[in-house]
Structure formats: C-alpha cells, structure tokens
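Colleague: This is the structure I have questions about; it appears just below.
The numbers here are math on the coordinates, done by the rules we state, and not lab data. Note that the structure is predicted; figures quoted are calculated from it, not measured. Here the Cβ positions follow ideal geometry from the backbone for every residue, glycine too, while neighbour counts run over all protein chains shown.
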Amino acid sequence: MTINNAAEPILVGVDGSDSSVEALREAAVLADALQAPLEVVMVWEFPDQADYYGISSSVIEGDARASLDDTVRAAFEEGPPDGLTAGLLYGPTKRTLIERSRHARMLVLGSRGHGGFMGMLLGSVSAACAEHAHCPVLVVHRPRVTEDEEQADGRTARSRA
C-alpha cells in the first residue's frame, strides 16, 4: 500500500518570536527533505478590550500580517524558499492550530513564544498541540548557534555538550 501525503504541507505556527523564526527554518529543511509544501501561519484574535480602546480588528489583523511578513524575512534573509505559502488564521491559537493540523503532514512550533511566563520550558501552545494535534508535532527548543557565534562567544561545541 502506498500512502501519498506529499500534498499535505509542513505547517509552521509562528508568533514573531526568535523561537518561531527558528521553527520556520527547521520546517523549511524538513519540507525540502520530504518534498512537501511549506505553509507558515500566524493565528490572531480580536481581544475583548480592543473595542473599548477603539482599536479596530483591521488594525490588529494588519499588525499580525506585518509580524508574519517580518518573521518570514527574519528566517530567510536571502528570500523565502520556492513554494512557501504564508497566511493568517483567525481564532484562539491552540484550538486553531490543532484544527489546522488535520490537513498537515507535520506541525512545527517554537518551544516558547510571546506568551506569558517565559521561564517555562515548553510553551502552553506547544504543549497543547503536542498533546492534541492530528499529525506529528516538532517543537524546536533553541536557535542554532553557528561556529562563528560560538567562537565569538568563547564557547566550543564540546563545552555545550
């Protein structure tokens, strides 16, 4: 039996954090290796308090679009890979990503984003998706450190092991 899931994308959820930029880079490597489409999404919501302060949903959506574009640029300084699609999804982040994972080959997320309590090892969105997604989930824990950065920082690969 042959299973053809080449049309199912590697789905990356980003929030503009360094962790999500690295998740996008890792997902691009996987998509290339698996010859799968790469789809990057940012989930946004209209907060209850925004109406009180006179902020329109179009402003918040525009900010989300700008953050998504900035994240893609930060991940791929030389330009995004061919075939990358990027879009916004509206709704609660956890539930929206879990639902979208029904149509993905894999979901890739950073371990910590712009959520609360930054000391946590695994963010609440990553943890919820790892538990409930409808596809395999890869949680990227830290940015890669290049040899030049290690040397500039006075570290070696052996000292990190």
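Colleague: Using the number of other C-beta atoms within 10 angstrom as an exposure proxy, rank 20, 67, 57 with the fewest first.
Modeller: Numbers: 20 27, 67 19, 57 14.
Placing the least packed residue first, the sequence is 57, 67, 20.
Colleague: If you take the beta carbon distance between residue 45 and residue 82 as r and set R0 to 22 Å, what does 1/(1 + (r/R0)^6) give as a FRET efficiency, to the nearest 0.05? Write out the running numbers ahead of the final one.
Modeller: Details: r = 31 Å, r/R0 = 1.42.
Step by step, r from the Cβ atoms, then E = 0.10.
Colleague: How far apart, in nm, are the 7 Å Cα→Cβ label points at residue 89 and residue 130?
Modeller: Distance between the two pseudo-spin positions: 1.9 nm.
Colleague: Net charge around residue 104, counting only other residues with Cβ within less than 14 Å of its Cβ (Lys, Arg = +1; Asp, Glu = -1)? If you can, show how the numbers build up before the last one.
Modeller: Numbers: positive: 100, 102, 105; negative: 8, 39, 99.
My count for the surroundings of residue 104 gives 0.
Colleague: Want the number for residue 74 to residue 141: 0.36 nm per residue separation, take away the alpha-carbon distance, what's left?
Modeller: 22.4 nm
Colleague: Another one. What is the local net charge at residue 87, summed over the other residues whose Cβ is closer than 13 Å to its Cβ (Lys, Arg +1; Asp, Glu -1)? Don't skip to the answer; put the middle values down first.
Modeller: Working: positive: 65, 100; negative: 39, 61, 69.
Summing Lys and Arg as +1 and Asp and Glu as -1 gives -1.
Colleague: For residue 65 and residue 34, calculate 0.36 nm times their separation in residues minus their Cα-Cα distance, and state this gained length in nm to one decimal. Please report the intermediate quantities before stating the final value.
Modeller: Numbers: separation 31, 0.36 × 31 = 11.16 nm, distance 2.77 nm.
Stretched out fully, the residue 65 to residue 34 stretch lengthens by 8.4 nm.
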